[in-house]
Amino acid sequence: MDGIKKDYVFHRDLKKKYPIITHGEGSYLFDESGKKYLDACSGAVAANLGHGITSIGEAMAEQAKKAAFVHTMRFETKALHLLAETIGKMAPDHLNKVYFTTGGSEANESALKLARQYHRDAGRHQKHIVIGRWQSYHGNTIGSLSAGGDVKRRHAYTPNLLNYAHVYSPYCHRCPYDRQKDDCLSKQNWTCVTDIERSILELGPENVSAFIAEPIVGSQQGAVPPPLGYFKKVRELCDRYQILLIIDEVMTGFGRTGTNFATEQIGIVPDIITFGKGVSAGYAPLAGMIVHDQVIEGIIENSDGKFIHGYTYSGHPVAVAAGLAALDVYKQDSVLENVKKQGLYLFNRLLELKQKHAFISDVRGRGLLMGIELVKDREQDLLFDPAEKAAERLNGIAMELGAVFYPGSGSIDGTKGEHLIISPPLNVTKTEMDEIVRILDESFTIFKLQLR
Ligand code: PLP
């Protein structure tokens, strides 16, 4: 760290030092030594258009020059309306009202609170418990952490967490309910679904306000899509017991999986979709939720139109300007087409890598949200000990070689199971994709030597 004598930054890991980034260009980041990193995970699956897009930077600067802050409890801007309209039109039918926050955790926190208020004001006073899934991440605030299943992040705060319930999400490659995939899918009595109903009945349907899930599980499991029909069954259960269905698209939204929202691929209409990351392509902290007309009608009728909630930076004009400019780039540059094309290419290249490296036991994902499950030996189905930190170490090697991936652990039961997410910017080129695969390939070879 040239010129920095004392480190005043409170990092998540105070014992670690990170490269100082000076700038970015397209899919690459550059550190102060001039070393470049191919951003094969778009930061935290957020920098979805890469770096240096001047139209977005200029839109933000223009807005900052005009009005730096507009308090949305007193005023509105045309840009706010335009962004809400653009997002509302991209969302599934009947989801039309858009509420803005600054991050995904806040978006989910808002959705959980809206579900509670919606039921309470309609006279369903007891409905307050949320059912989430162990293999899920919804954020770090107390509500969103309570809904999610990140065991490592939850552990220290156990006494503070809310009394939310959890089931396992479908992971047919390694079923947490010990079912055999073909048998389970053909019989239609999927334990990952019947367990939700068991949980609802155990808690008492009159107490359950919402069920929350990612359409494709991201950081907690490594890009795992559900079996076809899973969410239809979940939707039926939610309808039967008057439970709101919240679909967390913070990672999957805005083209990441090949459609505007992954919800389009799971074939249901949720009550609330939460979003973040890709909406501004990481150029500004921007997130929010899109709410079904029925919920909005309920709030108008039973709550005098008031959602008892709010953030200072909700709908911040500079972030809104970034969102509008980013969504324009997605459209102008036919980004969705590129996601479909490069996503398929990446999937096939990862399957090739699987043939070569016994560390890879599964390749999965949609669009440019791809994941691989890492094991010590595929033939013997030998898992890594969590203490070996396999995914972290593999990513460390890749960073030395000039590419950064998104490592994760706990994909099987919250403690065991290692995975790596590959999620480059959505405008990635084929040449860059080949470089990603080459570096991953080399990283596995070095990793194997290190394990000897
Ligand atoms: N939900 C999902 C699915 C996420 O992947 C994340 C972040 O990784 C969040 C919520 C939390 O978003 P944020 O970190 O912006 O608060």
* Can you check what the net charge comes to around ASN207, using other residues whose Cβ is under 13 Å from the Cβ of ASN207 (Lys, Arg +1; Asp, Glu -1)? => +2
* Asked: Summing Lys, Arg as +1 and Asp, Glu as -1, what charge do residues with Cβ under 9 Å from the Cβ of PRO225 carry, PRO225 excluded?
  -> +2
* To do: Taking the Cα centre of the chain as origin, sum charge times position over the Cβ atoms of Lys and Arg (+1) and Asp and Glu (-1), and report the length of that vector in debye to the nearest 20.
  => 500
* Asked: Within a Cβ distance under 9 Å of THR141, other residues only, what is the Lys/Arg minus Asp/Glu net charge?
  -> -2
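Rounded if a/c is under 1.5, else prolate if a/b beats b/c, else oblate: with a ≥ b ≥ c from the C-alpha gyration tensor eigenvalues square-rooted, which is the range 1-127?
Because a/c hits 1.5 or more and a/b exceeds b/c, the range 1-127 counts as prolate.
Would you calculate the convex hull of the Cα atoms in the range 333-376 and tell me its volume per residue in Å³?
Convex hull of Cα atoms, per residue: 51 Å³.
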* To do: Could you pull out every one of the aspartates and glutamates with an alpha carbon less than 18 Å from that of LYS66, ignoring same-chain neighbours closer than 8 positions?
  => GLU58, GLU76
* Mind checking Rg over Rh on the range 192-267, alpha carbons, Kirkwood formula for Rh? -> 0.99
* Packing rank of 34-43, 305-314, where each peptide gets the mean count of other beta carbons within 10 Å, highest leading -> 34-43, 305-314
* Along Cα→Cβ, 7 Å out, is where each label goes; now give me the distance between the ones at HIS173 and HIS11 in nm to one decimal. => 2.9
* Sparse-neighbourhood loop sites, GluC sites (Glu not before Pro) in the range 14-68 - DSSP loop, at most 15 other Cβ within 10 angstrom -> GLU32
* P(r) for the range 54-187: what percent of alpha-carbon pairs falls in each 5 Å bin, starting at zero? -> 2, 8, 11, 13, 15, 14, 13, 12, 7, 3, 2, 1, 0
* To do: Per residue of the range 38-53, in order, report the coupling 6.51 cos²θ - 1.76 cosθ + 1.60 (Karplus, θ = phi - 60°) as ³J(HN,Hα) in whole Hz, putting x for Gly and Pro.
  => 7, 7, 7, 9, 6, x, 9, 6, 10, 7, 6, 10, x, 10, x, 7
* Using the reciprocal of the averaged 1/r over all distinct C-alpha pairs, how large is the Kirkwood radius of the chain in Å? -> 22.7
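Within the range 169-200, report the trypsin sites (Lys or Arg not before Pro) that DSSP leaves as loop and that have at most 15 other Cβ atoms within 10 Å.
Numbers: sites: ARG174, ARG179, LYS181, LYS187, ARG198; in loops: ARG179.
Answer by residue number: there is no such site.
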* Structure fact -> Residue-ordered couplings for the range 88-105, obtained by feeding phi - 60° into the Karplus form 6.51 cos²θ - 1.76 cosθ + 1.60 and rounding to whole Hz (Gly and Pro as x), are x, 6, 7, 6, x, 3, 6, 9, 10, 9, 10, 10, 9, 9, 9, x, x, 4
* Which value, in nm² and rounded to one decimal, describes the direction-averaged projected area of the C-alpha convex hull of the range 108-240? -> 8.1
* Structure fact -> Beyond 24 Å (Cα-Cα) in this structure, taken from LYS97/LYS331; LYS35/LYS354; LYS187/LYS340, we find LYS35/LYS354; LYS187/LYS340
* Give the dimensionless ratio obtained when the Cα radius of gyration of the range 391-452 is divided by 2.2 N^0.38 Å. => 1.19
* Structure fact -> Everything considered on the Cα gyration tensor (a ≥ b ≥ c; rounded for a/c under 1.5, else prolate if a/b is larger than b/c, else oblate), the range 158-204 must be described as oblate
* To do: Calculate, for THR445 and LYS181, the FRET efficiency according to 1/(1 + (r/R0)^6) with r their C-beta to C-beta distance and R0 45 Å; round to the nearest 0.05.
  => 0.90
* Structure fact -> Whole-Hz Karplus couplings 3J(HN,Hα) for the range 308-325, θ = phi - 60° and coefficients 6.51, -1.76, 1.60, Gly and Pro as x, run 7, 5, x, 10, 3, 9, 4, x, 4, x, 5, 5, 4, 4, 5, x, 4, 5
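All of the numbers you see were taken from the coordinates with simple rules; none came from a lab. Small disclaimer: the values here were computed from a predicted structure and weren't measured. No Cβ is skipped: glycine too gets one built from the backbone with ideal geometry, and neighbour counts run over all protein chains shown.
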